[in-house]
Amino acid sequence: MAALVAENFRFLSLFFKSKDVMIFNGLVALGTVGSEELFSVVAFNCPCSPARNYIYGLAAIGVPALALFLIGVILNNHTWNLVAECHKRGVKNFSAAATFLLFGSILGRAAVAPVTWSVISLLRGEAYICALSEFVRPSSLDKFPAEYGADVLARFPCKDMPANLTKFREEVTRRLRYESQLFGWLLIGIVAVLIFLTKCLKHCCSPLSYRQEAYWTQYRSNEDKLFRRTAEVHSRILAAKNVKQFFGFVALDKEEKELVQEFPVEGVQPSPQWNAITGVYIYRENKGFPLYSRLHKWAKGVEGNGPSPEGHEMVFLAS
């Protein structure tokens, strides 16, 4: 049971495994804060109309958050690794819990920007005040004139009201801003607790030592950088050869000529090789030696992705 729990929770280390991820998440959060501030100054304009305030206020908080969430999912490479895995191999190698954690990792990273947007919107309070001003009970306001109702309360965010209701507007605004900011601080606290618990589970469940995890992180980062750089050079040289074959010559600058001379490219990699290094990776050891990625496993000539007498599945990692 303990081994099963450890296997299923180790995948959560994806979100917090490298400093690069934390820096990226920080930049995403800062960019979201700036975007929300710009939106509030330029675009937000409460309609101050019954039945419209609520929809507009919730849309101002929820629609940008939803858009940011979807963009985060689309821009996450793990999403497309999962799609490739499902298309090529299915998820037969994953337990239900591991599959759930895989989705959780993708969604967790994509949630950075929308959570930041929601928190800043709640702390500012304008959208919340706009959405809920008409729902304040007049009976909760001391000596509120009986002849006024929800239609007047809905105009409070725009300061469009009879002069004798100014003090009530200030009280309603103060009350709703308090509620909005309270929800914002609670959301921050909940997210902080979840991050703390996730990191604790990650360190408690990981079978790897701290130094090996650090090495694994460095390896994956370096492999990705070198692969992208080499793929860019390889594709440029191959394109140059094909253009030359078509036109009889190719217009290259000095740097490109040096690349063509230094790195001869004979052809392209066959599809089975691309398929072998693409998809969700299950970290495993082969005869006691770690395999850090699909590319590493392919280079060592290890076949399959499931458990075997020679290999032991240890950590789920989309790489």
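The values are calculated or read from the model by the stated rules, or taken from the named source; none is laboratory data. In this text the structure is predicted, and so the values were computed from the model without any measurement. Counting neighbours? That spans all protein chains shown, and the Cβs are built from the backbone with ideal geometry, glycine included. These area figures cover heavy atoms from the full protein model, side chains too; ligands, DNA and RNA do not enter into them. Shrake-Rupley method; radii C 1.70, N 1.55, O 1.52, S 1.80 Å.
Restricting attention to the range 219-229, the residues being among the aromatic types (Phe, Trp, Tyr) and open to solvent by 70 Å² or more (accessible area, probe 1.4 Å) number 1. Kindly check whether there is at least one residue in the range 139-159 that is in a helix (DSSP H, G or I), among the basic types (Lys, Arg) and crowded, with 16+ Cβ neighbours inside 10 Å. Within the range 139-159, none of the residues are in a helix (DSSP H, G or I), among the basic types (Lys, Arg) and crowded, with 16+ Cβ neighbours inside 10 Å. Residues that are under 25 Å from Glu223 (Cβ atoms), open to solvent by 60 Å² or more (accessible area, probe 1.4 Å) and within 30 Å of the chain's Cα centre (by Cα) do not occur anywhere in the range 247-266. Listed by first and then second residue, the pairs with beta-carbon distance under 9 Å, at least 6 apart or on different chains, first residue in the range 219-230 and over 16 Å from Asn77 (Cα atoms), second open to solvent by less than 60 Å² (accessible area, probe 1.4 Å) and outside any helix (DSSP H, G or I), are Tyr219/Tyr292; Tyr219/Ser293. Would you check if Leu201 is assigned by the TED database to the domain that holds Phe135 and part of a helix (DSSP H, G or I)? So Leu201 fits the description; yes. Apart from one condition, Ala150 fits all of (1) touching an Asp or Glu at 6+ places or on another chain (Cβ under 8 Å); (2) modelled with pLDDT of 85 or more; the exception is (2). Does the range 192-218 hold any residues that are at pLDDT 90 or above and either surrounded by 16 or more Cβ atoms within 10 Å (Cβ to Cβ) or of a type in the set (S, T, N, Q) (or both), and which are they? The answer is Gln218, and nothing else. Could you tell me whether any residue of the range 163-171 is in contact with a Leu (Cβ under 7 Å, 6 or more places away or on another chain), over 30 Å from Tyr292 (Cβ atoms) and in the same structural domain as Glu126 (by the TED database)? Within the range 163-171 (the criterion being in contact with a Leu (Cβ under 7 Å, 6 or more places away or on another chain), over 30 Å from Tyr292 (Cβ atoms) and in the same structural domain as Glu126 (by the TED database)), the answer is yes, since at least one residue qualifies. Answer yes or no as to whether Ala60 is at pLDDT 75 or above, under 28 Å from Gly189 (Cα atoms) and crowded, with 20+ Cβ neighbours inside 10 Å. Yes: the conditions hold for Ala60. Of the residues that make up the range 275-298, is at least one modelled with pLDDT under 80 and touching a Ser or Thr at 6+ places or on another chain (Cβ under 6 Å)? Looking through the range 275-298, at least one residue is modelled with pLDDT under 80 and touching a Ser or Thr at 6+ places or on another chain (Cβ under 6 Å). For the range 260-283, check the following and say yes or no: at least one residue is within 19 Å of Leu82 (Cα to Cα) and touching a Pro at 6+ places or on another chain (Cβ under 8 Å). Yes, there is a match, as at least one residue in the range 260-283 is within 19 Å of Leu82 (Cα to Cα) and touching a Pro at 6+ places or on another chain (Cβ under 8 Å).
Table: residues versus (1) at pLDDT 60 or above; (2) over 30 Å from Arg294 (Cα atoms); (3) open to solvent by 90 Å² or more (accessible area, probe 1.4 Å).
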| site | (1), (2), (3) |
| --- | --- |
| Pro50 | yes, yes, no |
| Ala67 | yes, yes, no |
| Thr79 | yes, no, no |
| Lys88 | yes, no, yes |
| Leu102 | yes, no, no |
| Ser105 | yes, no, no |
| Ala111 | yes, no, no |
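The number of residues in the range 120-179 being at positive phi and touching a residue at least 12 places away in the same chain (Cβ under 8 Å) comes to 1.
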